[in-house]
Amino acid sequence: MRNVEDLLLERGIDICHETMRQWWNRFGPMFAGDIRRQRVSRMRGLRHWRWHLDEMYVKLNGEMVHLWRAVDHEGEVLESYVTRTRDKAAAFTFMKKALKRHGGSVK
């Protein structure tokens, strides 16, 4: 954030890094959502866009839980979901969450 502060200062805009942090906290999620939607809409047109689903057993705060992940063809994690159980209901919940956020259909 201090880098952005320096860039703005070069252009005659004097703000402190704390103001930049507050702007980031306020507007960052909005920009991230727009970027995600644009990226997904671009990728849907490509035939090679695929999701890979992964499920693993990990220790979280001293408790063993199941971590579900959806990863795209570039290796970027699209969605993750943590649950205590490994059953059909958990898998469907994870898939609904991933499809709601990133769209598409299951093949």
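Which of (1) β-branched (Val, Ile, Thr); (2) under 21 Å from the mean Cα position of the chain (by Cα); (3) more than 30 Å from residue 87 (Cβ to Cβ); (4) modelled with pLDDT of 85 or more is the odd one out, the single condition residue 13 does not satisfy?
Checking residue 13 against (1) β-branched (Val, Ile, Thr); (2) under 21 Å from the mean Cα position of the chain (by Cα); (3) more than 30 Å from residue 87 (Cβ to Cβ); (4) modelled with pLDDT of 85 or more, the one that fails is (2).
Tally up the residues in region 84-102 that are assigned to a helix (DSSP H, G or I), at pLDDT 85 or above and either in the same structural domain as residue 33 (by TED's automatic domain parsing) or loosely packed, with under 12 Cβ neighbours inside 10 Å (or both), please.
4
Exactly one of these conditions fails for residue 72: (1) modelled with pLDDT under 85; (2) loosely packed, with under 14 Cβ neighbours inside 10 Å; (3) charged (D, E, K, R); (4) in contact with a strand residue (DSSP E or B) (Cβ under 8 Å, 6 or more places away or on another chain). Give me its number.
The one condition residue 72 does not meet is (2).
Just the residues that are assigned to a strand (DSSP E or B) and out of contact with any Phe, Trp or Tyr (no Cβ under 9 Å at 6 or more places or on another chain), please, taken from region 56-83.
57, 58, 59, 60, 63, 77
What is the number of the single condition among (1) outside any helix (DSSP H, G or I); (2) more than 20 Å from the chain's Cα centre (by Cα); (3) surrounded by 10 or more Cβ atoms within 10 Å (Cβ to Cβ) that residue 53 does not meet?
Failing condition for residue 53: (2).
The values are calculated or read from the model by the stated rules, or taken from the named source; none is laboratory data. Just so we're clear, the structure is a prediction, and the values are computed from it rather than from any experiment. Cβ: placed from backbone, ideal geometry, glycine included. Neighbour counts: every protein chain shown.
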